[in-house]
Amino acid sequence: MRPEETVDYNFKVCWHAISRMYNTEAAKADITTSIGFVLLNIDQERGTPATKIAPLLGLEARSLTRILKSMEEKQLIYKVSDPNDKRLVRIFLTEKGLEKKEISRQTVKQFNHKVREQIPEEQLDVFFNVCGRILGMIDNKEIF
């Protein structure tokens, strides 16, 4: 079997292409793709507990810690301790963070719009179904 015939190869190559495309756009806004995804997952009204962000993005806690530190240095976020539970820290966006979140949101919307213009809904439904089944197989340890 040639690599291009394997499921994992196609996922990896496609994701790397998407990631490079997003990184190119993110660099124009002086952020990274990772920062953009974190921005998109922060609830500005209630704040988002730091512990909830990593699982949403499939990140390790250590990786998220580095990203959040970078975001603080760029003045995109600020942290607030929960008044009822000092162990809980909520992440909020600064004005600059809100601006970068909107750029990230528009970038993701544009990508999805372009894909949906070119690929019929029925094919996307099959793609989403296949992705969901593969994730289920992995989650249920049906692979190894």
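None of the figures in this text is laboratory data; all of them are computed from the coordinates on show. Only a predicted model underlies this, so the values are computations on that prediction, with no experimental measurement involved. Reconstructed Cβ throughout: ideal geometry from the backbone, glycine too, with neighbour counts over all protein chains shown.
Assorted remarks:
- Its DSSP H runs of at least 4 residues, each contributing -39,500 (n - 2.57), put the calculated 222 nm mean residue ellipticity of the chain at -21500 deg cm²/dmol, to the nearest 500.
- Between helix 61-73 and the chain: long-axis angle, C-alpha atoms, 0 to 90°, nearest 10: 50 degrees
- Exposed loop sites, defined as trypsin sites (Lys or Arg not before Pro) outside DSSP H, G, I, E and B with at most 13 other Cβ atoms within 10 Å, are absent from the longest region of the chain, namely 88-140.
- The Cα center of the range 43-87 and the Cα center of the range 1-32 differ in position by 25 Å.
- Length-normalised contact order for the chain - Cα pairs under 8 Å, 6+ apart - percent: 20 percent
- The range 1-108: GluC sites (Glu not before Pro) in DSSP loop, at most 13 other beta carbons within 10 Å: 45, 60
- Listing 137, 1 from fewest to most neighbouring C-beta atoms within 10 Å gives 1, 137.
- Summing Cβ point charges (Lys, Arg +1; Asp, Glu -1) relative to the Cα centre of the chain gives a dipole of roughly 560 debye.
- Out-of-range pairs (alpha-carbon distance over 30 Å; input 101/141; 74/109; 12/96): 101/141; 12/96
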